[in-house]
1. What residue, among those in the stretch 183-198 that are part of a strand (DSSP E or B) and open to solvent by 70 Å² or more (accessible area, probe 1.4 Å), is farthest from the ligand (Cβ to nearest atom)?
2. I'd like to know if the stretch 6-25 contains one or more residues that are within 16 Å of the ligand (Cβ to nearest atom), surrounded by fewer than 21 Cβ atoms within 10 Å (Cβ to Cβ), touching a residue at least 12 places away in the same chain (Cβ under 8 Å) and among the aromatic types (Phe, Trp, Tyr).
3. For the stretch 79-94, how many residues are at pLDDT 90 or above and within 13 Å of the ligand (Cβ to nearest atom)?
4. Please enumerate the residues belonging to the stretch 158-178 that are surrounded by fewer than 20 Cβ atoms within 10 Å (Cβ to Cβ) and either closer than 11 Å to Gly52 by Cα or more than 16 Å from the ligand (Cβ to nearest atom) (or both).
5. Just for helices (runs of 4 or more DSSP H) wholly inside the stretch 11-116: which have at least 2 residues that are within 30 Å of Glu192 (Cα to Cα)?
6. If Val76 satisfies all but one of (1) closer than 21 Å to Val98 by Cβ; (2) at pLDDT 90 or above; (3) out of contact with any Leu (no Cβ under 6 Å at 6 or more places or on another chain), what's the number of the condition it fails?
7. Could you tell me how many of the residues in the stretch 199-232 are outside any loop (DSSP other than H, G, I, E, B), within 8 Å of the ligand (Cβ to nearest atom) and open to solvent by less than 40 Å² (accessible area, probe 1.4 Å)?
Amino acid sequence: FTLVDPLSGQGKGVHFSDVAGLREAKQEVMEFVDYLKRPEIYKSLGAKVPKGALLLGPPGCGKTLLAKAVATEANVPFLSMNGSEFIEMIGGLGAARVRDLFKEARKRAPCIIYIDEIDAVGRKRSGQLGQGGASGESEQTLNQLLVEMDGMASKESVVMLASTNRADILDRALLRPGRFDRHILIDLPDLEERKQIFELHLKSIALENEPEFYSKRLAHLTPGFSGADIANVCNEAALHAAREKQKHVTRDNLEYAVERLVGGTEKRNHAMS
Ligand code: ATP
């Protein structure tokens with residue numbers, strides 16, 4: 001697993017201001033920030049804070065970004081792991097990794113555990129029965145995850161966040177109360193959100209005008225784009241301007257980059273169908 005500890009002073013960390021749009025999702029996770037900052041207040045009042053939340057939605061829309069922002073804003077360590085890292089692990093290695101992750105989290109509490117692409121390890125167990133060793137192995141990993149989640153006493157102030165874009169294939173045991181019983185939707189950005197994401201990413205680019213000069217039109221040109229696609233457009237435009245030896249990134253560069261990305265997505269869809 002990877003560890004980002006804000007107390008070690010490494011990097012500047014992702015803040016809520018780095019996450020554009022997602023107003024409701026931000027509000028929902030604020031509760032965790034407050035709890036991680038002042039766990040003793042909650043404890044003294046006898047309040048039971050939810051242990052974890054599942055961030056649901058398509059790729060590239062800010063799930064990881066938001067989870068990291070919770071850690072930075074609360075000033076607590078962020079321990080993360082990708083569900084796919086458990087795949088193809090044999091000899092109980094997956095379960096051992098889960099154990100290690102939780103052990104470290106207990107040591108560093110208050111902190112956040114983030115499991116990206118939890119569906120890779122959290123698939124429904126019943127459908128996998130009888131498929132030989134590999135599924136037995138991933139079942140063991142999932143069981144260990146459930147055991148660890150249950151074993152995490154509320155006094156330990158560890159918040160568990162996980163992301164998936166396939167909630168339908170998750171084992172129901174993961175969604176029971178006391179586990180990932182809160183669901184936060186992180187959907188594709190709407191027109192206004194795309195405008196805000198463009199403004200954020202255009203800030204780090206050398207433009208002729210203010211980001212607001214370009215953002216509205218770009219938002220109109222990009223329905224269906226994720227935040228990651230938008231970040232990509234901004235970077236592609238800057239690369240294009242550099243290749244053309246320009247001093248500034250222009251509207252033409254940006255629109256060229258949008259066209260390229262739309263073309264690329266169409267080709268990808270075509271190849272997959
Ligand atoms: P995946 O499921 O593929 O891991 P994700 O939802 O976790 O996707 P992120 O890793 O959070 O997506 O986002 C990828 C990148 O896209 C971010 O690093 C950021 O540059 C950009 N991005 C996505 N959503 C937003 C947003 N709401 N505001 C600003 N930038 C965004």
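The values are calculated or read from the model by the stated rules, or taken from the named source; none is laboratory data. If you're wondering where the values come from, they're calculated on a predicted model, not measured in any experiment. Please note: Cβ atoms are built from the backbone with ideal geometry, for glycine as well, and neighbour counts cover all protein chains shown. Note: areas computed on protein heavy atoms with side chains; ligands, DNA, RNA excluded. Shrake-Rupley method; radii C 1.70, N 1.55, O 1.52, S 1.80 Å.
1. Residue satisfying both the conditions and the ranking: His183.
2. Yes, the stretch 6-25 has at least one match.
3. So the answer is 3.
4. Answer for the stretch 158-178, where residues must be surrounded by fewer than 20 Cβ atoms within 10 Å (Cβ to Cβ) and either closer than 11 Å to Gly52 by Cα or more than 16 Å from the ligand (Cβ to nearest atom) (or both): Arg172, Ala173, Leu175, Arg176, Pro177, Gly178.
5. Filter on the stretch 11-116 gives 23-37, 63-74.
6. Result: Val76 passes all but (3).
7. 3
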